[in-house]
Amino acid sequence: MRIYNIQVNGKKYEVKVMGITEVEPVEVKTVKGEVPAKAEAPKTSPAAAPAASGKGEPVLAPMQGNILNVMVKVGDSVKAGQTIIILEAMKLENEIKAPRDGVVSSIAVSKGQAVNNKAVLLTLE
């Protein structure tokens with residue numbers, strides 16, 4: 001958890017921000033008894049990827065970004081180092097490669113989807 005002191009329109013607030021993996025909501029309170037503003041989550045934050053339903057080893061996103069292309073389908077055999085997903089982050093295209101030989105048992109993302117760091121992209125058997 002990180003705690004910030006901010007000032008908005010002359011009013012001072014103490015804001016506690018929880019990390020993505022933490023379960024408590026963002027808490028806002030005033031520093032000197034003022035009425036707090038309503039805290040809202042940013043509308044552009046990426047959604048968490050659904051959990052992969054296949055058995056095996058999950059392949060995780062190395063960073064937050066948008067899925068540009070999924071290069072494999074469920075049931076495809078892949079070799080270690082083969083490009084399986086293209087992830088755009090900070091206007092750069094990043095090739096996500098298979099960590100080992102295997103068969104794609106499930107895919108948890110689709111083209112155009114925003115993902116968080118360490119979100120499950122797919123699962124290899």
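Annotation: amide H-H contacts under 5 Å for V15 (H modelled 1.01 Å from N, sequence separation of 5 or more, or interchain): Y4, N5, I6. Remark on M63: its backbone amide H falls under 5 Å from those of K118, a criterion applied only to residues 5 or more positions apart or on other chains, H modelled at 1.01 Å from N.
Pairs of Cα atoms nearer than 8 Å and 6+ residues apart set the relative contact order; for the range 48-125 it is 47 percent. Database remark: amide H of L122 closer than 5 angstrom to the amide H of V59, A108 (H placed geometrically; neighbours at sequence offset of 5 or more, or on other chains; Pro and chain starts carry no H). Say the cut-off is 20 Å between C-alpha atoms; which of K79/K118; K55/K111; K55/K118 go over it? The pairs that break the limit, which is 20 Å between Cα atoms, are K79/K118; K55/K111. Extension gain, E93-M71: 0.36 nm per intervening residue step, less the Cα-Cα distance, totals 6.6 nm. Taken one residue at a time, the phi angles of the range 85-94 give Karplus couplings (6.51, -1.76, 1.60, θ = phi - 60°) of 8, 9, 10, 8, 9, 6, 6, 10, 8, 10 Hz. Gly and Pro are set to x. The 1.4 Å probe gives accessible areas that order M63, M90, largest first, as M90, M63.
The values are calculated or read from the model by the stated rules, or taken from the named source; none is laboratory data. None of these values were measured; they are calculated from a predicted model. Each accessible area value is taken on the protein alone, full model and side chains, heavy atoms only, with ligands, DNA and RNA left out. Shrake-Rupley method; radii C 1.70, N 1.55, O 1.52, S 1.80 Å.
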